[in-house]
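Student: My questions will all concern the structure given below.
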Amino acid sequence: MVAQNIFFAIFAVIMVVGALRVVTSNNVVHAALWLVTVLAGAAGQYILLSAEFVAVTQVLVYIGAVMVLFLFGTMLTRARLGEETDLNNKTWILGIPVALLLFGTMSYALIDSFGDEKLPEDATVVSTQVISDQIFGPYLIPFWALSFVLLAATIGAIVLARKD
Amino acid sequence: MSALLAIDMPYWLQTILRVLGGTVAVLLPAGTIVYVFLFKMMSFMQSRLGPMEAGPYGSLQLFAEVGKWLQKEDLYPDRADKFIFKIAPIVVLTSTFLLVAVVPFGPDAWFTNFEAGVFYALAVSSVSVLGILIAGWASANKYSLLGGLRAAGQLIAYELPMVLAVIGVVIQAGSMNFQEIVMAQNAGEIFGWNGIGNPYILTQMVGFIIFMIAVQAELTQTPFDMPIAESELVSGYMTEYSGFRFLMFFIGEFATAGVFSLIAAALFLGGWGIPFAWFGWDSMDSIDNWMNIVGPLIMFTKMMVLSGIIMWVRFSYPRFREDQLQKFAWKVLIPVSLLNIMATAILKVAF
Amino acid sequence: MIAALIAEIKPNSTWYLVLAALLFAIGTLGVMVRRNALVLFMCIELMLNAVNLSFVALAKEMDDINGQAVVFFVLVVAAAEVVIGLGIVVAIMRKRVSASVDDLAELKG
């Protein structure tokens, strides 16, 4: 359990620092790379929560595909080296109290309702078969619907990208 | 499972041994591939001798080259994004080291016995795209950026047929664990005859061919070397790199070739195993301990054969055009691999 | 001594949930503060990830696999969103230089 505590703290710090840098960084590509560290930290947290399959999916889908897509899009259009101006709204200062209020309310509600419930101690890894049984069993219809969403997204992307 | 070579080791010793073993499993194939194929086979195919001076038959040439690279100055362009420029080759190399972690070399000689190992390997191999992309961007060079963008487009396009080709194997073995896939191949039988097991190259021939083509593209080897096409882009995303950062890209390229060959050997050629029927083994626990020594050698042999094919193709074929490359991935490889999955699934249910 | 102290602390699901809340709040801040369309997308991804983290944490705490299954659906929706969103951003940027969302105000009366 010691290891889990220590690694939770390390990943949590990485994730929070990375998330703050996504919001404050003055370069779009840097923001994207900081987001990669947040996503990698999330994958680490999933492994700590004995959700290996979700962690690997996180790496495959987010780091391997979504972030590459982001960087690709950024670099195709405009990706200047060095600092960029006017990335923030002029009234950016107003966002901070709103976000703090949001965080305060959510964490109050979470601590109030969950208190200090301990995680179960057993470190049994959720096997892939259990997840697939779940997705292809009770969730079959949503799964189907989602595959249509993906198909629609693919067709939409092709339509958007075509010049003629 | 913790008794490697019948010696019970504490956890920390096993961990150290596994990390060291992983380093060897990345660097040894890379060095061997560079010497045997890049130096000697390429020279033979071009009717020349290749390096002959350093060591017998030039076998120490590689050490001389590494020494040369290491003493070069660590240069970076003036307008480059220096931090990202510096970490980019490390990202590429890290992806290779993470990739070898799931490759099994024997009944107990594995680095980690991950349950969804195949899935993990495919996921981690896609991280190198990130390194290549930011290397191209951070170089502050138009050719580098173009090379990085070409590489990203190519690697994403060829990752799909690779994943889809492996799914056929996963369906047939009924597992995503490398050890169980190796087991299933060596304990299998062909129409009741178990003399050679059932290596999936026989039943998954289509998948194997697609996988090897996709590997060729993932490694950006000719005929898929548009990202570093020297006649158009100087050297693509590697243009501005020199010294040991170039060495990292270079090691990454050939080490990844070796690791992908190892993965292909485990998936399609029966991995570390010999047909279990020869010695009457029937489960993982009944395998004799000497397989932990012989297994790595078998894997190494298969790796050399497969990477030999990769290099042979590399030295023989001219380069594709960029549009042909994308068309080939999306209009040929992906539909064929989807058909392969369908056929495998139907046959799996039918038998 | 310290190790024993740390060993006393049992992993607490509230930690994960509060971390998720913090990430969500940072993501919201980004959406409010940033003008660049691409960075806005990144902040939305951040918020989706925060939600995923809380799903997985609750799946572990309640020993219920549904929490992990839902994460996959969120992943698929996020991927579809990024594909379409980036397609639109690239299409817009072909016509104009800036990626700022504030400039896209042609429909304003």
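Student: Shape verdict for the stretch C:35-97, please, from the Cα gyration tensor: rounded (a/c under 1.5), prolate (a/b greater than b/c) or oblate. Write down the numbers at each step before the final one.
Tutor: Numbers: a/c = 8.79, a/b = 2.80, b/c = 3.14.
Judged from the Cα gyration tensor, the stretch C:35-97 comes out oblate (a/c at least 1.5, b/c at or above a/b).
Student: By the gyration tensor of its Cα atoms, with a ≥ b ≥ c the square roots of the eigenvalues, what is the shape of the stretch B:3-350: rounded for a/c under 1.5, prolate for a/b over b/c, or oblate?
Tutor: Working: a/c = 1.78, a/b = 1.39, b/c = 1.28.
Prolate.
Student: Continuing with the same structure: Pop a pseudo-label 7 angstrom from the Cα along the beta-carbon direction at both B:Leu49 and B:Ser231 and give the gap in nm to one decimal.
Tutor: Between B:Leu49 and B:Ser231, the label points sit 3.0 nm apart.
Student: Which value in nm describes the separation of the simple spin-label points at B:Leu297 and B:Thr112, placed 7 Å from the Cα toward the beta carbon?
Tutor: So the two model labels end up 3.0 nm from each other.
Student: If each of B:Asn289 and B:Ala343 carries a label point 7 Å out from its Cα toward its Cβ, how far apart are those two points in nm?
Tutor: 4.5
Student: Determine, from the Cβ-Cβ distance of A:Thr91 and A:Ile111 and an R0 of 30 Å, the FRET efficiency 1/(1 + (r/R0)^6), rounded to the nearest 0.05.
Tutor: Values: r = 31 Å, r/R0 = 1.04.
Plugging the Cβ-Cβ distance into 1/(1 + (r/R0)^6) gives 0.45.
Student: Now, a different point. Beta carbons within 10 angstrom, averaged per residue: use that to sort the peptides B:340-348, A:60-68, highest first. Mind dumping the intermediate values first?
Tutor: Numbers: B:340-348: 14.8, A:60-68: 23.3.
For the peptides B:340-348, A:60-68, the packing ranking is A:60-68, B:340-348.
Student: Quick check on chain B: helices-only [θ] at 222 nm, where DSSP H runs of length 4 and up contribute -39,500 (n - 2.57) each and the sum goes over total residues. Nearest 500, please. Present the calculation step by step, with values, prior to reporting the outcome.
Tutor: Values: 15 runs with 215 residues, N = 351.
Helix contribution divided over all residues of chain B: -20000 deg cm²/dmol.
Student: Once the Cβ-Cβ distance between B:Val24 and C:Leu107 is put in as r, and R0 is 60 Å, what FRET efficiency do you end up with, to the nearest 0.05? Please list the in-between numbers first.
Tutor: Details: r = 63 Å, r/R0 = 1.05.
Once the sixth-power term is evaluated, E becomes 0.45.
Student: Considering lysine pairs in chain B that are 8 or more places apart or on different chains, how many have Cα atoms under 24 Å apart? Write down the numbers at each step before the final one.
Tutor: Details: B:Lys40/B:Lys68; B:Lys40/B:Lys302; B:Lys68/B:Lys82; B:Lys68/B:Lys86; B:Lys72/B:Lys82; B:Lys72/B:Lys86; B:Lys82/B:Lys142; B:Lys86/B:Lys142.
Lysine pairs satisfying the spacing and distance rule in chain B number 8.
Student: How tilted is helix B:243-268 with respect to the longest principal axis of chain B? Cα atoms for both, answer in degrees (0 to 90, nearest 10).
Tutor: Tilt of helix B:243-268: around 20 degrees.
Student: Can I get the semi-axes of the stretch B:1-98's equivalent ellipsoid? Compute them from the C-alpha gyration tensor as square roots of 5 times the eigenvalues, in angstrom, largest first.
Tutor: Numbers: eigenvalues 203, 135, 28 Å².
One finds semi-axes of 32, 26, 12 Å for the stretch B:1-98.
Student: Could you work out the mean count of beta carbons from other protein chains within 10 Å of each residue's beta carbon in B:137-149?
Tutor: Details: counts 6, 2, 1, 2, 0, 0, 0, 0, 3, 1, 0, 3, 4.
Partner-chain Cβ atoms within 10 Å, mean over residues of B:137-149: 2.
Student: Which loop chymotrypsin sites (Phe, Trp or Tyr not before Pro) in the stretch B:1-101, with loop taken from DSSP, have no more than 13 other Cβ atoms within 10 angstrom of their Cβ? Mind showing how you got there, number by number?
Tutor: Working: sites: B:Tyr11, B:Trp12, B:Tyr35, B:Phe37, B:Phe39, B:Phe44, B:Tyr57, B:Phe63, B:Trp69, B:Phe83, B:Phe85, B:Phe97; in loops: none.
For chymotrypsin sites (Phe, Trp or Tyr not before Pro) across the stretch B:1-101 that sit outside H, G, I, E and B with at most 13 neighbouring Cβ atoms in 10 Å, the list is empty.
Student: Could you work out the mean count of beta carbons from other protein chains within 10 Å of each residue's beta carbon in C:35-47?
Tutor: Details: counts 6, 7, 3, 12, 12, 0, 5, 14, 5, 0, 9, 10, 0.
Mean inter-chain Cβ contacts per residue within 10 Å come to 6.
Student: Okay, moving on. Could you tell me how many degrees, from 0 to 90 and to the nearest 10, lie between the Cα long axis of helix B:82-100 and the main elongation axis, the longest principal axis, of the Cα atoms of chain B?
Tutor: Orientation of helix B:82-100: about 20 degrees from the principal axis.
Student: What FRET efficiency do you get for A:Leu76 and B:Val313 if R0 is 35 Å and r is their Cβ-Cβ distance, rounded to the nearest 0.05?
Tutor: Values: r = 30 Å, r/R0 = 0.87.
About 0.70, to the nearest 0.05.
Student: According to the square roots a ≥ b ≥ c of the eigenvalues of the Cα gyration tensor, what is the shape class of the protein assembly as shown, taking rounded for a/c under 1.5, prolate for a/b larger than b/c otherwise, and oblate for the remainder?
Tutor: Working: a/c = 1.56, a/b = 1.21, b/c = 1.29.
Oblate is the answer for the protein assembly as shown, as a/c is 1.5 or above yet b/c matches or exceeds a/b.
Rule-based calculations on the coordinates, nothing more; no lab input. All of these numbers come straight from a predicted model, not from anything done at the bench. So basically every Cβ, Gly included, is an ideal-geometry build from the backbone, and we count neighbours across all protein chains shown.
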